[in-house]
Amino acid sequence: MEILIIGAGAMGGLFATLLAPHARVRLLTTNADHARAINGQGLILTAMDGSVGATPVTVLTEPGDLRADLVLICTKSRSTEAAAATARWLLADDGLVLTLQNGLGNLERLVAAVGAGRAVAGVTSQAAMLLAPGHVRHAGCGPTVLGCGPGQAGQLAHVADLFNRASIETRVADNVDALLWSKLIVNAGINGLAALLRVHNGVLALVPECETLLAEAVAEAVAVARALHIDLPAGRQVDRVKQVCGLTAANRASMLQDVLRGAPTEIDAINGAIAAKGQELGIPTPVNQLLTRLIKALEATASHRIEPFSSSTSPQETPCPRKS
């Protein structure tokens, strides 16, 4: 199978490393330093047991004229439209485009680009961190679920079989909306809080003050999902999110990784999307609204951050911005 992964960050790198021994995998990235590192030394993976290995993976900065049976979208949600446009030109006639991205709206953008029959959304509990150009750490392991649309069962069974052979535990399910909202609720409870507090996922389920905020954000998201008649998994959603915190206890949430490197986050596609849907439906979402505003303020003040310093050094203060 010819696989193209668009987005060579933490998750793209993890899936490329796991899939490369079982298929022909190519990575597409706009990060030239990242591409040079991978082409020079292979894609280095620090596994969950601490072992380190390098996997040869072809990485591209220009798509060329290749044709892929499966295009895996691993970009941030803000880059989905550009990724979808690229996928439209590179996808084989009978190929599939699969998004495992966070948040809402990604599948709709892919459908607009390649058609409903060739676009698939899935969710994954795999977790990864980008340690350096060309170096990924596998930070958490969990199931991947692919949402099956009309006429896609055969193709997705083949994809799931490939993923399972690559030690990516995968199954196929019918209810795409339930899958996306299930993952959205997890992200709503974890990502914004972890980014604001700058803590690993596991802390959120252990510290009572964090746990309360997590539960409130999740409860609002569940209320919006219920109003939309989303068929959520059975059981208490807060407990499910806390379980994910435990399974990925040592992981830095993707939004925290963005904040730490001063990159834009996906807050609009996660907590912001919940707040927007809540406003449409007349459902209060004050915690998700506040998390969205705080993350946006954090992004806007990135260049003015006061950094920690020791008593033996003088702080380098960043002047306040002036209004023009």
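At-a-glance table
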| item | result |
| --- | --- |
| Accessible area in square angstrom per residue, the stretch 107-172, 1.4 angstrom probe | 40 |
| Relative contact order (%) - criterion: Cα under 8 Å, at least six apart; region: the stretch 158-228 | 26 |
| Among beta bridges that DSSP assigns inside the chain, antiparallel share in %, nearest 5 | 30 |
| Surface/4 of the Cα convex hull for the stretch 1-155, nm² | 8.5 |
| Solvent-accessible area per residue, Å², over the stretch 177-316 with all protein chains present [probe radius 1.4 Å] | 49 |
| Tally of Lys pairs whose C-alpha atoms are under 27 Å apart, taken over the chain, 8 or more apart or cross-chain | 11 |
| Distance histogram for the stretch 206-280 (every C-alpha pair counted, 5 angstrom bins, percent rounded to whole numbers) | 3, 13, 18, 23, 23, 14, 5, 1 |
| Residue list for the stretch 135-162, given a label point 7 angstrom along the Cα-to-Cβ vector of VAL203 and an amide N cut-off under 19 Å | 139-140 |
| Label corresponding to Rg/Rh (Cα atoms, Kirkwood Rh) when calculated from the structure given, among [x] 1.01; [y] 1.05; [z] 0.97 | [z] |
| Highest-MSF residue in the chain out of GLY95, GLY50, GLY278 [GNM, Cα springs under 10 Å] | GLY50 |
| Two-decimal ratio, the stretch 50-113, of alpha-carbon radius of gyration to 2.2 N^0.38 Å | 1.26 |
| Length-normalised contact order for the chain - Cα pairs under 8 Å, 6+ apart - percent | 14 |
| Solvent accessible area, Å² - ASP177, 1.4 Å probe, full protein context | 90 |
| Computed over the stretch 194-235, the ratio Rg/Rh where both radii use C-alpha atoms and Rh is Kirkwood | 1.08 |
| Sequence of HIS22, HIS34 when ordered by accessible area, the most exposed leading, probe 1.4 angstrom | HIS22, HIS34 |
| The stretch 34-66 versus the stretch 74-89: alpha-carbon centroid distance in Å | 20 |
| Net charge contributed by nearby residues that have their C-beta within less than 10 Å of ARG78 (K/R +1, D/E -1) | -2 |
| Share of pairwise Cα separations in the stretch 1-78, more than 14 Å, in percent | 58 |
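The values are calculated or read from the model by the stated rules, or taken from the named source; none is laboratory data. Just so you know, these numbers come straight off a predicted model, no measurement behind them. Neighbour counts are summed over all protein chains in view; Cβ atoms, including those assigned to glycine, are modelled from backbone coordinates with ideal geometry. Heads up: the accessible areas ignore ligands, DNA and RNA and are worked out on the full protein's heavy atoms, side chains in. Shrake-Rupley method; radii C 1.70, N 1.55, O 1.52, S 1.80 Å.
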